[in-house]
Amino acid sequence: FIVWESLRLGILLARRMYPQIQQTKQRLVCVAIITLVIVAIFPYVKFGFGDLLQLYGPGQPAGGPIPLYAFLRIVGQNIFFCLFIAAVYEAIYFFELWKQMFRQSEALKQEHLVSQVHSLKEQVSPHFLFNSLNTLSYLVSRDATKAERYIEEMAAVYRYLLTINERHVVTLEEELSFIKAYTHLLKTRYNQHFHVTVDVDPIYHSWLLPPLTLQLLIENAVKHNIVDSQHPMEVTIRYLENEAALEVQNPIQKKRKHVRSERKGLTNIMARYELLGLPAVRVEETDQYFTVVVPFKPSHVYESADY
């Protein structure tokens with residue numbers, strides 16, 4: 001009972017120290033060390049109780065040294081006993097972690113699908129198509145070169161949306177390339193009164209983040225603010241070194257006509273970040289600026305994860 005209870009408490013301690021399935025190796029090493037300590041100490045506990053209860057007879061001297069053979073025999077028995085207990089406990093715990101990760105994986109797939117459907121719905125909505133085709137019609141009749149460029153960027157936007165269906169994370173370089181095409185459509189539509197400034201060192205372009213994160217934030221800036229010659233809109237994307245995150249900020253120029261917002265874009269981003277195990281997205285709003293801080297990670301963080 002003492003061995004079992006001691007080992008159970010040790011296993012619970014190891015779980016608190018290394019709770020993730022990716023930390024299984026560290027957890028097993030911790031349990032092995034705890035097991036060795038327990039089996040090494042237990043013979044002294046056993047012989048101590050034996051002396052106290054005179055378990056070995058009145059002729060046996062109390063407090064004498066433990067015979068080496070008896071010590072090794074008890075250690076060997078307890079190692080076998082502890083390994084069996086630890087294996088059972090770890091198998092149950094590992095299976096529960098696996099089920100949890102499986103549920104998270106399924107939830108992530110569903111959330112990703114919702115994100116794709118939402119984005120495609122927004123982009124292919126009659127309002128978006130009307131504005132895009134109206135702009136294209138204007139360009140075709142006045143500037144064929146600009147019209148051709150507009151068509152190329154519009155195709156790039158839809159191509160990106162279709163190629164990320166099975167991916168849960170993309171590189172910042174891919175996301176910024178998509179943002180460049182998406183921004184071109186907006187700049188053309190708003191007669192160059194819309195701009196996106198990117199201040200991120202190229203060494204971070206290989207880092208990963210959920211796809212369409214930046215696009216949804218830029219879309220929100222356009223949706224809720226005035227963009228015209230008197231109120232130009234500039235969205236700034238910069239790297240925050242102390243947080244390993246991207247700060248997406250835009251000035252607040254609220255439209256006179258209230259725009260109903262269900263915060264679906266932000267809610268979707270936050271949900272995907274939570275499911276990917278990334279730090280939480282932070283939203284800050286002042287009288288002048290609306291800011292969203294979205295963490296992103298180096299690619300090696302995801303190498304051992306099966307999404």
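Suppose we keep only residues that are open to solvent by 60 Å² or more (accessible area, probe 1.4 Å) and more than 56 Å from the chain's Cα centre (by Cα) within the stretch 59-70. Which one would you say is modelled with the highest pLDDT?
65
Go over the candidates 73, 15, 8 one by one and state the one that is within 28 Å of the chain's Cα centre (by Cα) and modelled with pLDDT of 75 or more.
So the residue among 73, 15, 8 that is within 28 Å of the chain's Cα centre (by Cα) and modelled with pLDDT of 75 or more is 15.
Would you be able to say whether some residue in the stretch 87-103 is at pLDDT below 75, part of a helix (DSSP H, G or I) and either closer than 30 Å to residue 277 by Cβ or open to solvent by 90 Å² or more (accessible area, probe 1.4 Å) (or both)?
Within the stretch 87-103, not a single residue is at pLDDT below 75, part of a helix (DSSP H, G or I) and either closer than 30 Å to residue 277 by Cβ or open to solvent by 90 Å² or more (accessible area, probe 1.4 Å) (or both).
Within the stretch 125-175, work out how many residues are under 30 Å from residue 110 (Cα atoms), acidic (Asp, Glu) and open to solvent by 80 Å² or more (accessible area, probe 1.4 Å).
Of the residues in the stretch 125-175, 2 are under 30 Å from residue 110 (Cα atoms), acidic (Asp, Glu) and open to solvent by 80 Å² or more (accessible area, probe 1.4 Å).
Determine which single condition residue 56 fails, assuming it passes every other condition in (1) in a helix (DSSP H, G or I); (2) modelled with pLDDT under 85; (3) among the aromatic types (Phe, Trp, Tyr).
The one condition residue 56 does not meet is (1).
Looking only at the stretch 1-31, count every residue that is in contact (Cβ under 8 Å) with a residue 40 or more places away in the chain and either in a helix (DSSP H, G or I) or in contact with an Asp or Glu (Cβ under 7 Å, 6 or more places away or on another chain) (or both) and tell me the total.
13
The values are calculated or read from the model by the stated rules, or taken from the named source; none is laboratory data. Computed from a predicted structure; not experimentally measured. Don't worry about glycine lacking a Cβ; one is built from the backbone with ideal geometry, like all the others, and counts go over all protein chains shown. Ligands, DNA and RNA are stripped out before the accessible areas are found, and what is left, the full protein with its side chains, is counted by its heavy atoms. Shrake-Rupley method; radii C 1.70, N 1.55, O 1.52, S 1.80 Å.
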